[in-house]
């Protein structure tokens, strides 16, 4: 269970919280919940998201459950500290899409006394660590890993299996493009894809290596 840090006015440093998991695991929902609690407490809050994420709204962070909060789209991590001046809390959604400088930005904000809350995918569709997320998780004081429910087994899901036919690392999508899978289901699904795409040569088309002896 996540417990928000108590405020010690003698220590002027902030901290970093990372919320990570697969698609449809509730990352953005948890981010919005924490940010709205801070707003209710009259804290100065700014929220940012990568400008490429226009799935639900141009300017709002919106969860899959249609919960939303106002945000500022930015093209690069370097824009965040300029716009987050004089804030108590900074929220960042879809952090995996930001450039590597997002790690320095988050740490600089925390060192200035800002509470930084970051949400993002910890793994890409290939099951590999995604962008700057590993470094953010390593430097954060708090890491919360949330899980979806596997659509094939009903177990906890931590993988985002891509159903769409694309090898692009960044592919914004919803349930028609991705589904959350458990480790076992993800392994079986990726194995099935590899077998389906495997090239099999017709034995009749393979030239013979036998030397012909004409006497």
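The values are calculated or read from the model by the stated rules, or taken from the named source; none is laboratory data. The structure displayed is predicted, hence computed values, not measured ones. With ideal geometry, Cβ positions are generated from the backbone for all residues, glycine too; neighbour counts draw on all protein chains shown.
At least 1 residues being buried (at least 16 other Cβ atoms within 10 Å of the Cβ) and out of contact with any helix residue (DSSP H, G or I) (no Cβ under 9 Å at 6 or more places or on another chain) is the threshold, and among the strands (runs of 3 or more DSSP E) wholly inside the range 84-179 those reaching it are 159-162. Please go through the range 52-83 and give me each residue that is modelled with pLDDT of 85 or more, exposed (fewer than 15 other Cβ atoms within 10 Å of the Cβ) and assigned to a loop (DSSP other than H, G, I, E, B), ordered by number. Hits for the range 52-83 are 75, 76, 78.
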